[in-house]
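Q: Input: one structure, supplied below.
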Amino acid sequence: MIVEILDVVIAGLLLGGIYALIAVGLSLQYGVARVFNISHGEFIMLGAFATWILYTTAGINPLISLVMCGPFVFLIGFFLHKTLFRSLLNSSPNMNIFESKSMLACFGLLFIIQNIAILIWGADHKGYSYLNVGVNLGGAVFAANRLVTLLYAVAIGTAFYLFLAFTRLGKAIRAAAQDPRTAGLMGVDINQVLALCFGFGAVMAGFAGALISMCYPIQTTMGLEYTVIAIIVVTLGGLGSIVGSFLGGFLLGLIGSIVSYIEPSLYMVVFYFIFSLLLLVRPKGILGK
Amino acid sequence: MDIATLKTPKNLITGAILLVILVLLATLPLYGPGYPVILLSSILMYVILTVGWVIFSAPTGYISLAPAAFFGFGIYTSAIIGKAIPFAVVVAIGGAASFCLALIVGALTLRLRGIYFAVFTFGLLMLIANSFNYYEIHFTGTRGRFVMVKGYDTIYFFMLGIFVLLMITATLIKHSKYGLALMSIGQEEEAAEHTGVNVVMVKVIIFAVSAFFMGAAGSVMATKWTYIDSGIAFYMLYSFMPVLMAIFGGMGQLYGPVIGAAIFTYLEELLITRFPEVYMLIFGIILVISILYLPDGLVGLIQESWKRFSVRKHADT
């Protein structure tokens, strides 16, 4: 019995680590840059495929290629914001219109990125085996790569939190999240900060993708599934709350693990049910202001 | 629209053209069976979804991603009761089922604003799709079900009928006090409320009316596919397509979405079986370009260039 409980809880935490990372990225993009990025999952897919290619063709360790893929995904996100979202921001009379417009533009991006990827890599499952050895945790056995994933997710999350809390740029980002106009008046280069945030969000997705590729088979159409999970987690944690998203990721991972244990096919139904209920009862999420 | 505006020559001409088009469309199956009828049925399906979406979302600015949910409700209605009852009644019930769903959903959720509403409607679609899937696997023991097949001509005439009804309804709404109320909600909801518009009631009713047509269209189209399951009936693209088609066509005029839907459906017919990736790629690129450079869509672009052209003509004389 104890082993079973341990099994479910640890599986939930392992899943939650990835969810948390994905959600922090989305939360950053929406909370600061005000872009509700439906194409978030496509950046996860890009990260996963970049890691897969580096591992299968050049034999580069996924944990090292993680660091290499980061800047690559960051640049894509950064320039997307500099070009596409900046001009949308300039042409929108108010933030509500910008939010709708940018969300729809993200739909477009989703289809563009995903279908270019399908044209290049096809739609089959891909995968590789890395650190695929069992580790015994008090009776429950887990693959080592999944444990590494959790470790990395927590490390990246913590590092990013410290960055936001203690650096000058972090302070600028928090200021921009609260009130972009005033932050701009106080000397924050607001356009730069928003583009950086969008880039950071993309990096989180890229990292998550690299970690996912270590544990699960990957596919060019995998993006939307993770986007949906990120949206649920972000709603759970409160739109725009970074800490909320991080905790929400683990919470949803645990819920998912428990539901899977009881009735695996109800998994998605329960996710959407929680999500719908949450939006009705408490749209601000568990940590929303 | 009152009688006085109908009497001006310009409106008479427009009316005459519309009548001719309608007669042509209605007699189309007589000129010969086959492909045009099938293609036009698909076009009408997307036109109905798009115009239905535009009735509610264009003036209010609430982006609904629920069309696939209403469409799918219609499809399932047709699959469940289609065998026992006359087809026209089935279609009406399909529409009514979606109408009721929209009424409940609308009453619960229309206080959510902006991005929350879009996200919720998307979540709702996925919740319904997954629940149907779960129910089918665990209680009926099968995945999906068969639908009574109808002839292509029957499908076509029903779609045409729904389309005409929808266009009349859309025009009436646009020119009534409800249309004005919707627009005022889109511009400034608080102000609309203070000037005495019953904001919640107007939103919920128009939302439900738009869902009625989507549901009716769904219950007609179900008979074309012979087999349906929750994946086909609640296919996500039925929610995204209307949004794109409306933006591409332009939402300022009612014929904008119609043109947008017609162009895209034709493109889909050409490309989707042979190059599905290319089609979806083009879809994405056009969506981004339309949002960036065509704020009023294709119709807006044409009107703009026409205006420039006529200004230049006047300047020359």
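Q: Scan (1) at the interface with chain B (Cβ under 7 Å from one of its Cβ atoms); (2) hydroxyl-bearing (S, T, Y); (3) assigned to a loop (DSSP other than H, G, I, E, B) for the single condition A:Y130 breaks and write down its number.
A: Here A:Y130 clears every test but (1).
Results for (1) away from chain B (no Cβ under 11 Å); (2) surrounded by 14 or more Cβ atoms within 10 Å (Cβ to Cβ); (3) on the phi < 0 side of the Ramachandran plot, shown as yes or no for each residue.
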residue: A:V73; (1), (2), (3): yes, yes, yes
residue: A:I76; (1), (2), (3): yes, yes, yes
residue: A:T83; (1), (2), (3): no, no, yes
residue: A:L89; (1), (2), (3): yes, yes, yes
residue: A:N96; (1), (2), (3): no, yes, yes
residue: A:K101; (1), (2), (3): no, yes, yes
residue: A:G108; (1), (2), (3): no, yes, yes
residue: A:F111; (1), (2), (3): no, yes, yes
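Q: Sort out for me the helices (runs of 4 or more DSSP H) sitting completely within the range A:1-99 that have 3 or more residues that are under 16 Å from the mean Cα position of the chain (by Cα).
A: A:2-31, A:40-58, A:62-80
Q: Still on this structure: Can you tell which of B:Y62, B:Y46 is modelled with pLDDT of 80 or more, in a loop (DSSP other than H, G, I, E, B), under 30 Å from B:V199 (Cα atoms) and not aliphatic (A, V, I, L, M)?
A: That would be B:Y62, the only listed residue that is modelled with pLDDT of 80 or more, in a loop (DSSP other than H, G, I, E, B), under 30 Å from B:V199 (Cα atoms) and not aliphatic (A, V, I, L, M).
Q: May I ask you to list the residues in the range B:126-182 that are within 30 Å of B:E193 (Cα to Cα), among the small types (G, A, S) and crowded, with 19+ Cβ neighbours inside 10 Å?
A: B:A170, B:A181
Q: Another question, if that's okay. Could you tell me whether the range A:1-14 includes any residue that is more than 14 Å from every other protein chain (Cβ to nearest Cβ) and buried (at least 24 other Cβ atoms within 10 Å of the Cβ)?
A: No, the range A:1-14 contains no residue that is more than 14 Å from every other protein chain (Cβ to nearest Cβ) and buried (at least 24 other Cβ atoms within 10 Å of the Cβ).
Q: When both residues are 6+ apart or on different chains and their Cβ atoms are under 9 Å apart, which pairs have a first residue that lies in the range B:265-291 and is exposed (fewer than 15 other Cβ atoms within 10 Å of the Cβ), and a second that is among the basic types (K, R)?
A: none
Q: In the range B:70-88, is there at least one residue being within 14 Å of another protein chain (Cβ to nearest Cβ), under 18 Å from the mean Cα position of the chain (by Cα) and either assigned to a helix (DSSP H, G or I) or in contact (Cβ under 8 Å) with a residue 40 or more places away in the chain (or both)?
A: Scanning the range B:70-88, I find no residue that is within 14 Å of another protein chain (Cβ to nearest Cβ), under 18 Å from the mean Cα position of the chain (by Cα) and either assigned to a helix (DSSP H, G or I) or in contact (Cβ under 8 Å) with a residue 40 or more places away in the chain (or both), so the answer is no.
Q: Just one of the numbered conditions (1) buried (at least 16 other Cβ atoms within 10 Å of the Cβ); (2) under 18 Å from A:L54 (Cα atoms); (3) of a type outside the set (D, E) is not true of A:G122; which one?
A: For A:G122, the failing item is (1).
Q: To continue, here is another question. With A:F271, A:F250 as the choices, which residue is touching a helix residue (DSSP H, G or I) at 6+ places or on another chain (Cβ under 9 Å), within 11 Å of chain B (Cβ to nearest Cβ), assigned to a helix (DSSP H, G or I) and at pLDDT 80 or above?
A: The conditions single out A:F271.
Q: Suppose we filter B:G34, B:G95 for residues that are touching a helix residue (DSSP H, G or I) at 6+ places or on another chain (Cβ under 6 Å) and either of a type outside the set (D, E, K, R) or within 14 Å of chain A (Cβ to nearest Cβ) (or both); which single one remains?
A: Going through B:G34, B:G95 in turn, the sole match is B:G95.
For every residue, the table says whether it meets (1) charged (D, E, K, R); (2) surrounded by 17 or more Cβ atoms within 10 Å (Cβ to Cβ); (3) within 19 Å of A:G108 (Cβ to Cβ).
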residue: B:V202; (1), (2), (3): no, yes, no
residue: B:V220; (1), (2), (3): no, yes, no
residue: B:G231; (1), (2), (3): no, no, no
residue: B:F234; (1), (2), (3): no, yes, no
residue: B:M251; (1), (2), (3): no, yes, yes
residue: B:Y255; (1), (2), (3): no, no, no
residue: B:A261; (1), (2), (3): no, yes, yes
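The values are calculated or read from the model by the stated rules, or taken from the named source; none is laboratory data. Quick caveat, the model's predicted, so the values are computed rather than measured. Quick reminder, even Gly has a Cβ in these numbers, built from the backbone with ideal geometry, and neighbours come from all protein chains shown.
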